[in-house]
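Chemist: Below is one structure. I have some questions about it.
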Amino acid sequence: MADRPVKQPKGYSVRTLPGFAVLALFTFFALYAPITILVAYSFNAGTSLAIWEGFSLRWYYQAAANEAVQDAAIRSLYLAFSAATIATIAATMAALATTRTRHFPGKTMIYALINQPLMVPEIVTAVALLIVFAAVKVWTGHTSMIYLIAAHTAFCVPFAYLPIRARLETMDTSLEAAAQDLYASPWMTFRRVTLPLMWPGIVAGLMLAFVISLDDVVITEFVKSAGQDTLPTYMLGQLRRVVTPEVNAISTVILVAGAILVTLFFRLTSRRG
Amino acid sequence: MDATTNTQDSTTDAIAVEVDHVSKIFRGEQEVRALDDVSVGIRKNEFFTLLGPSGCGKTTLLRLIAGFEPPTMGAIRLGGRDISRLPPNQRPVNTVFQNYALFPHMSVAQNIAFGLEMLGKPKAEVQKTVDEMLRLVRMEELKNRRTGEISGGQQQRVALARALAPHPEVLLLDEPLSALDLKLRKDMQIELKRLQSETGITFIFVTHDQEEALTMSDRIAVMSAGKILQVGPPRDIYERPAERFVANFIGESNFLDATLAGGKATLAAGGTFDVHVPEGVRDGKVSVLVRPEHATVHAGEAGEREIAGTVENVVYSGEATVVHLRLATGEAMKARLSNAPQGGEAAPETGSAAAVTIAPGAVTVLRD
Ligand SMILES: Nc1ncnc2c1ncn2[C@@H]1O[C@H](COP(=O)(O)OP(=O)(O)OP(=O)(O)O)[C@@H](O)[C@H]1O
Ligand SMILES: [Mg+2]
C-alpha cells in the first residue's frame, strides 16, 4: 500500500463538507442515546428512572410475573401472528397479480391502491376504523379480537407486499418460462419454481408485517374493546399512572425481539438467488 | 442425398417443423413487425441455423415455435399438427435458453430430472435417463452440485442435458454459446454436433456468428428485418448467395457491375463468365459477387481473360495477404492471396499496375 506507484485520484466525498461529520454524530446520538438509557435503566435495582442504584433483573421478573403484562403479551403475539399471516397471504397474491400477468388496464392504479396505506396518516385510518367498527359493534353486539385482526391486517399488507414484490421483480422470468417449456403446468410452475424462489421474500414480508403489527399503538388504541390491551397499549396505560422500570424492561424485550426480526429480514432480502 | 430417390428413409426429408406464412406484430407504443410473412420447413434430424443481425427476429421465431408467444398470423405445424395455439408445456419442443435459466434452487441432477418428472415418468426411468444424460454431457461427477456452483461451460452442458432429457422432437437453442469464451466455444460447437448426431433430434440453432453457422449447420436460414432471405446448405449460402445482404453478412465480398445474357455474365470491367442465375433475375444489367479468395492478382499488364487494375493497398494478415485494387471502371475490388513461404512469389506493390484473374465458376449473380 505504501509504495503504490500511482496515487489513486480521490473520488468525491461528502466528508469534505464542513459540519457533515458532526451532524452525523449528533444524529446517531439523538437516535440511540435515549434507547441506550432506556435499556440501561431496565436493569436498575431501584425504582427510579433517573438514579442508578445497581444492577438487577428485578423488573424483568416483575414484568414476567405481572398477569396484565402476560395477558397483553399473549394478545400482542396472537394479534401480530394472525394479522401478519393473513396480510402476507394477501400480499403474496397481490404481488403475483402485479408482476406475473400481462399488462391489464388499471394495473398501475392497483399498485397505488396497495401502497396507499403507507401514505394515509395513521391517525386518520385509526379514526375511520373507530367510527366504522363502533357502528358494527353496536349493530352486531360482537366485540372479539376480529376487529383488531382486521385493522392490523389492513395496515400490514403494504409492508408485506413490498419485499415480496421486490423479490419477484428481481427473479428471472425465464426460469418460469423454462419450467413451462419442460412440461410444467401453470400450477406446477408456481409450486416447483416461483414459490420456492420467492419464499425468502414471503418470509421477509411476514416478519416485517409481524414487527409492524407488534409495535402499533395508535390504531390499536382506537380499535380495541375493553380488556383488549396489547403490550404497547398496556404500556401507554401504565405511563399515565406510576412509571417504574418495569416499562423499560418490557420495552427492552420488544426492542430485542424487533431487532432480531429486522436483522433476519435484511439477511433474507439481501440474499440473492 | 437426392430427395427423389430416397424412398426408403423417408424420415430424412420429412418436415419436422413447418412455419407457414407466420407474422408477429408487437403492439406497444409503436407497432413492431418482428416477423414478416415467414415460411420455412425444417427437416427431421436436421441441424438448422437461424442466422441474422441483432433484432432481425431470430428469438421471436424461436419463442413462437416454443409457444411463449402466439403468432399474429399464420400457423406453426409440428409433424403436420397445428400447434400454434398450444401452451409451451403441451409442445414436444424444448429450449436451451441464452442465459441457461437453470433452476438455482435445485441440483444439477434435479434440473435434468425436472422435465421427466413433469411428464409423470416413473422414478426408475427418470433416474436412468438422468444418469444417461449426465454421461452424455460428461457431468457425472457434478450431479449433486447446485447450479450456482459450476462454471459457465458446465452450466451450458446442464442446460443442454435438461432440454434433451425428455427427448423432444425439436430442440431450440438461442445463442447458447454466446456467453462462453472462444476456446470453450469451439469445444462446445463440436460437442453440440456430437449430441445432435447421437440423439437424432432436430436442432434449431440461433446465432449471429456466421462462422459458427457455417461450421455447424446442415442448412442455414439468413434473416433480416423479420424476413428469411435465403435458406440452404452452408456452401450454397456462402458461394451462391441470392442477395447482396446475404453475401455481405457472410464472408467478404466484391460487388461488380455486369450484364447478363443467356446464362453468361460480362463484367463491366471485362471478362465473360458462366454464372449461376437465381430465380427471378432477367437478362440485362445485374450485380455480381466475387469472393476475394476466388480472385488472384499478379503484377504487370492484364492478358486475355484478365482484368486490369491498380494496386491501392496491400494488407498482410498472417495466412493471407489482401490486395485492394481499383479497376479501370472505377470499381473497388479485393483479392485474397494465400501466403507462400518467404522467398515465394511476392504480392504486387502499392501503386503498381496489376492483373486480376477470377476463377471459373466464382461469379455469382445477385437478385438486387
Ligand atoms: N416483447 C416484445 N415487445 C415489443 N417488441 C419486441 C418484443 N420482443 C421483440 N421485439 C422486437 O422485435 C424485433 C425482433 O426481436 P428479436 O428478439 O426476435 O431479435 P433477435 O434476432 O433475436 O436479436 P438478437 O440477436 O439481438 O437477440 C426487435 O425489433 C425487437 O425490438
Ligand atoms: Mg435474440
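Chemist: For the list (1) in a loop (DSSP other than H, G, I, E, B); (2) under 24 Å from the mean Cα position of the chain (by Cα), I need the number of the one condition that A:Ala84 fails.
Modeler: All conditions are met except number (1).
Chemist: Evaluate the following for B:Ala101: is it small (Gly, Ala, Ser) and either at negative phi or more than 14 Å from chain A (Cβ to nearest Cβ) (or both)?
Modeler: no
Chemist: Condition first: of a type in the set (Lys, Arg) and outside any helix (DSSP H, G or I). Can you find one or more residues in the range A:97-119 that meet it?
Modeler: yes
Chemist: Follow-up question, since we're still on this one. Somewhere in the range B:17-33, is a residue within 13 Å of ligand 2 (Cβ to nearest atom), away from every other protein chain (no Cβ under 14 Å) and either free of Cβ contacts under 8 Å to residues at least 24 places away in the same chain or closer than 15 Å to B:Leu229 by Cα (or both)?
Modeler: Among the residues of the range B:17-33, not one is within 13 Å of ligand 2 (Cβ to nearest atom), away from every other protein chain (no Cβ under 14 Å) and either free of Cβ contacts under 8 Å to residues at least 24 places away in the same chain or closer than 15 Å to B:Leu229 by Cα (or both), which makes the answer no.
Chemist: Filtering the range B:169-186 down to residues that are within 19 Å of B:Ser217 (Cα to Cα) and within 14 Å of chain A (Cβ to nearest Cβ), which residue is farthest from ligand 2 (Cβ to nearest atom)?
Modeler: Per the stated criteria, the residue is B:Glu169.
Chemist: Can you find, within the range B:162-179, the residue that is most open to solvent (accessible area, probe 1.4 Å) among those that are under 23 Å from the mean Cα position of the chain (by Cα) and away from ligand 1 (no atom under 16 Å from the Cβ)?
Modeler: B:Glu169
Chemist: Can you tell me which of (1) open to solvent by 70 Å² or more (accessible area, probe 1.4 Å); (2) touching a residue at least 24 places away in the same chain (Cβ under 8 Å) is the one B:Asn248 doesn't meet?
Modeler: (2)
Chemist: How about the range B:44-86: which of its residues are in a strand (DSSP E or B) and within 14 Å of ligand 1 (Cβ to nearest atom)?
Modeler: Residues satisfying the conditions are B:Thr49, B:Leu50, B:Leu51.
Chemist: Any idea which of A:Gln238, A:Gln228 is open to solvent by less than 20 Å² (accessible area, probe 1.4 Å) and away from chain B (no Cβ under 14 Å)?
Modeler: Sole residue among the options that is open to solvent by less than 20 Å² (accessible area, probe 1.4 Å) and away from chain B (no Cβ under 14 Å): A:Gln228.
Chemist: Can you run down the residue pairs with Cβ atoms below 7 Å, 6 or more apart or on separate chains, where the first is in the range A:197-216 and acidic (Asp, Glu) and the partner is surrounded by fewer than 23 Cβ atoms within 10 Å (Cβ to Cβ) and assigned to a helix (DSSP H, G or I)?
Modeler: A:Asp215/A:Pro232; A:Asp215/A:Ile254; A:Asp215/A:Gly258; A:Asp216/A:Pro232
Chemist: Which is open to solvent by 10 Å² or more (accessible area, probe 1.4 Å), within 16 Å of the chain's Cα centre (by Cα) and either under 23 Å from B:Leu61 (Cα atoms) or among the polar types (S, T, N, Q) (or both), of B:Lys186, B:Lys193?
Modeler: Being open to solvent by 10 Å² or more (accessible area, probe 1.4 Å), within 16 Å of the chain's Cα centre (by Cα) and either under 23 Å from B:Leu61 (Cα atoms) or among the polar types (S, T, N, Q) (or both) holds for just one of B:Lys186, B:Lys193, which is B:Lys193.
Chemist: Can you find a residue that is of a type in the set (A, V, I, L, M, F, W, C), within 14 Å of chain B (Cβ to nearest Cβ) and within 28 Å of B:Leu102 (Cα to Cα) anywhere in the range A:160-169?
Modeler: no
This table checks each residue for (1) open to solvent by less than 10 Å² (accessible area, probe 1.4 Å); (2) polar (S, T, N, Q); (3) within 13 Å of ligand 2 (Cβ to nearest atom); (4) within 14 Å of another protein chain (Cβ to nearest Cβ).
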| site | (1), (2), (3), (4) |
| --- | --- |
| B:Asp37 | no, no, no, no |
| B:Lys44 | no, no, no, no |
| B:Thr49 | yes, yes, no, no |
| B:Gly52 | yes, no, yes, no |
| B:Cys56 | yes, no, yes, no |
| B:Met73 | no, no, no, no |
| B:Gly80 | no, no, no, no |
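Chemist: Further question on the same structure: Going through the range B:102-117 one residue at a time, which ones are in contact (Cβ under 8 Å) with a residue 40 or more places away in the chain and hydrophobic (A, V, I, L, M, F, W, C)?
Modeler: Within the range B:102-117, B:Leu102, B:Phe103, B:Met106, B:Val108, B:Ile112, B:Ala113, B:Phe114, B:Leu116 meet the criteria.
Chemist: Out of the residues in the range A:180-221 that are of a type in the set (A, V, I, L, M, F, W, C) and facing chain B (nearest Cβ under 7 Å), state the one that is surrounded by the most Cβ atoms within 10 Å (Cβ to Cβ).
Modeler: A:Leu182
Chemist: So, in the range B:31-43, of the ones that are away from ligand 1 (no atom under 15 Å from the Cβ) and among the small types (Gly, Ala, Ser), which residue ends up nearest to B:Pro233 (Cα to Cα)?
Modeler: Here the answer is B:Gly41.
Chemist: Right, next: Please work out which one of (1) away from chain A (no Cβ under 14 Å); (2) within 16 Å of ligand 1 (Cβ to nearest atom); (3) under 20 Å from B:Val17 (Cα atoms) is the condition B:Phe203 fails and give its number.
Modeler: Failing condition for B:Phe203: (2).
The values are calculated or read from the model by the stated rules, or taken from the named source; none is laboratory data. In this text the structure is predicted, and so the values were computed from the model without any measurement. Cβ sites come from the backbone with ideal geometry, for glycine too, and all protein chains shown count toward neighbours. SASA here: full protein model, heavy atoms, side chains in, ligands and nucleic acids out. Shrake-Rupley method; radii C 1.70, N 1.55, O 1.52, S 1.80 Å.
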